[in-house]
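J.: Okay, here's the structure, questions in a sec.
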Amino acid sequence: MRIVLYRGDGVIEPWEREFAAMMPDVQTVTWKEGELLAPCDYAVLWNPAPALLAQLGEVKAIFLMGAGVDAVLKFGEALPDVPLVRLGDAGMGVQMAEYVAHAVLRYFRRFDEYEQQARHGAWNPLPQHAKDSFTIGVMGLGKLGMPVVEAMRHFGFPVRGWSRSPKDLPGVPTFAGMEALGDFLHGTKVLVCMLPLTQDTGNLLDRHNLGRLAPGAYLINVSRGAIVNEPDLMALIRSGQIAGATLDVFRHEPLPAPHPFWNEPRITLTPHISALTMRLEAVRQIAAKVQALENGETVADLVDRELGY
């Protein structure tokens with residue numbers, strides 16, 4: 001069996017070592033622009049080059065080195081008509097929960113304001129937010145969203161969830177579909193975006209929808225930057241309608257130097273690190289799915305190209 005490994009950033013050697021240890025009977029090959037790829041059984045990719053995709057029509061499946069799929073689906077009809085398999089949790093759910101918990105508690109306990117005070121030598125205890133009205137709204141209730149819901153419940157926050165299709169979560173009010181989006185947003189104090197980027201979610205969090213949140217609400221985005229209308233968010237923060245935001249993802253990455261987010265103290269920025277792929281767990285998961293496909297079995301985490309995730 002031959003598996004081609006490719007990453008757009010060129011960091012492929014650690015993946016080769018993990019696959020060699022996990023699947024010693026499998027030959028892994030790499031590819032560079034301008035090369036002709038010999039026939040392979042499977043492909044394991046991240047941010048692939050179009051010239052490589054054009055040579056993958058005969059593989060049995062394409063595996064992605066992450067949970068997001070928009071970077072591949074953007075190729076449309078140029079993408080080979082073979083099964084696409086994304087990673088499941090692969091250790092990212094806990095990381096997401098850690099990141100979101102930190103951001104929520106920082107805002108809830110007003111640590112962001114205390115940090116500003118400390119820079120100016122001010123000693124000024126602030127009134128505590130009331131937890132019973134501090135509603136956390138999680139958009140996206142998949143494998144990465146659910147650990148966030150559970151983490152917020154652990155701290156005793158009121159939690160609600162929104163997803164494309166109905167979900168039944170004991171103890172958590174859930175909303176489904178665009179027709180229920182307004183009800184979900186109304187009264188939400190902290191909005192956590194964990195949605196995939198699709199035709200329906202691009203610019204979903206614009207002035208209109210962000211304006212439906214509770215006054216002084218806070219935004220946390222750990223999914224895709226293009227879901228947020230950045231100028232609208234900036235305007236709402238400057239007006240005070242939105243108190244601030246913690247953003248890990250952006251429409252253009254790295255975030256350009258002149259971007260106004262850099263100079264807005266009410267926005268906390270991180271460089272797309274909320275949940276990093278755990279390579280060993282990812283390779284273990286891919287190896288198990290390859291074996292399942294070889295045995296004629298079905299596998300989880302198949303990408304629905306129509307839905308976009």
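The values are calculated or read from the model by the stated rules, or taken from the named source; none is laboratory data. Keep in mind the model is a prediction, meaning the values are calculated, not measured. Here the Cβ positions follow ideal geometry from the backbone for every residue, glycine too, while neighbour counts run over all protein chains shown. Ligands, DNA and RNA are stripped out before the accessible areas are found, and what is left, the full protein with its side chains, is counted by its heavy atoms. Shrake-Rupley method; radii C 1.70, N 1.55, O 1.52, S 1.80 Å.
J.: Only residues that are buried (at least 20 other Cβ atoms within 10 Å of the Cβ) and either charged (D, E, K, R) or assigned to a loop (DSSP other than H, G, I, E, B) (or both): list them for the stretch 243-260, please.
T.: Answer for the stretch 243-260, where residues must be buried (at least 20 other Cβ atoms within 10 Å of the Cβ) and either charged (D, E, K, R) or assigned to a loop (DSSP other than H, G, I, E, B) (or both): D248, V249, F250.
J.: Continuing with the same structure: Provide a single number: the residues in the stretch 58-79 that are over 17 Å from the mean Cα position of the chain (by Cα) and under 25 Å from G93 (Cα atoms).
T.: So the answer is 3.
J.: Can you tell me which residue within the stretch 143-190, out of those that are in contact with a strand residue (DSSP E or B) (Cβ under 9 Å, 6 or more places away or on another chain) and without any contact (Cβ under 8 Å) to a residue 12 or more places away in the chain, is surrounded by the most Cβ atoms within 10 Å (Cβ to Cβ)?
T.: D183
J.: Ok, one more. Please determine whether any residue of the stretch 286-306 is among the polar types (S, T, N, Q) and either surrounded by 16 or more Cβ atoms within 10 Å (Cβ to Cβ) or in contact (Cβ under 8 Å) with a residue 40 or more places away in the chain (or both). Before the answer, list the steps.
T.: Our first condition is that a residue be among the polar types (S, T, N, Q); within the stretch 286-306, this holds for 291, 295, 298.
Okay, now just the ones that are also either surrounded by 16 or more Cβ atoms within 10 Å (Cβ to Cβ) or in contact (Cβ under 8 Å) with a residue 40 or more places away in the chain (or both), so none.
Checked against the condition, which is being among the polar types (S, T, N, Q) and either surrounded by 16 or more Cβ atoms within 10 Å (Cβ to Cβ) or in contact (Cβ under 8 Å) with a residue 40 or more places away in the chain (or both), the stretch 286-306 yields no hits at all.
J.: Scan (1) modelled with pLDDT of 95 or more; (2) more than 30 Å from M96 (Cα to Cα) for the single condition G57 breaks and write down its number.
T.: Of the numbered conditions (1) modelled with pLDDT of 95 or more; (2) more than 30 Å from M96 (Cα to Cα), the odd one out for G57 is (1).
J.: What are the residues in the stretch 18-54 that are farther than 30 Å from H272 by Cα and either within 23 Å of the chain's Cα centre (by Cα) or free of Cβ contacts under 8 Å to residues at least 24 places away in the same chain (or both), if any?
T.: P24, G34, E35, L36
J.: Any idea which residue in the stretch 220-242 is nearest to G142 (Cα to Cα), counting only those that are assigned to a helix (DSSP H, G or I) and open to solvent by 40 Å² or more (accessible area, probe 1.4 Å)?
T.: The initial filter retains those residues of the stretch 220-242 that are assigned to a helix (DSSP H, G or I), namely 225-227, 230-239.
Now restrict to residues that are open to solvent by 40 Å² or more (accessible area, probe 1.4 Å): 231, 238-239.
Numbers: P231: 28, R238: 32, S239: 33 Å.
Within the stretch 220-242, the match that is nearest to G142 (Cα to Cα) is P231.
J.: Also, I was wondering about something else. Report yes if some residue within the stretch 196-211 is touching a strand residue (DSSP E or B) at 6+ places or on another chain (Cβ under 6 Å) and open to solvent by 10 Å² or more (accessible area, probe 1.4 Å); otherwise report no.
T.: Looking through the stretch 196-211, none of the residues is touching a strand residue (DSSP E or B) at 6+ places or on another chain (Cβ under 6 Å) and open to solvent by 10 Å² or more (accessible area, probe 1.4 Å).
J.: Among the numbered criteria (1) open to solvent by 40 Å² or more (accessible area, probe 1.4 Å); (2) in contact (Cβ under 8 Å) with a residue 24 or more places away in the chain; (3) in contact with a helix residue (DSSP H, G or I) (Cβ under 7 Å, 6 or more places away or on another chain), which single criterion is violated by S133?
T.: Only one criterion is unmet by S133, namely (3).
J.: Given the conditions (1) touching a strand residue (DSSP E or B) at 6+ places or on another chain (Cβ under 9 Å); (2) crowded, with 16+ Cβ neighbours inside 10 Å, which single one is not true for T270?
T.: (2)
J.: Okay, next question. Give just the number: which of (1) modelled with pLDDT under 95; (2) open to solvent by less than 40 Å² (accessible area, probe 1.4 Å) does Y309 not satisfy?
T.: (2)
J.: So for the stretch 274-289 (the condition being in contact with a Ser or Thr (Cβ under 8 Å, 6 or more places away or on another chain) and outside any loop (DSSP other than H, G, I, E, B)), does at least one residue qualify?
T.: No: zero hits.
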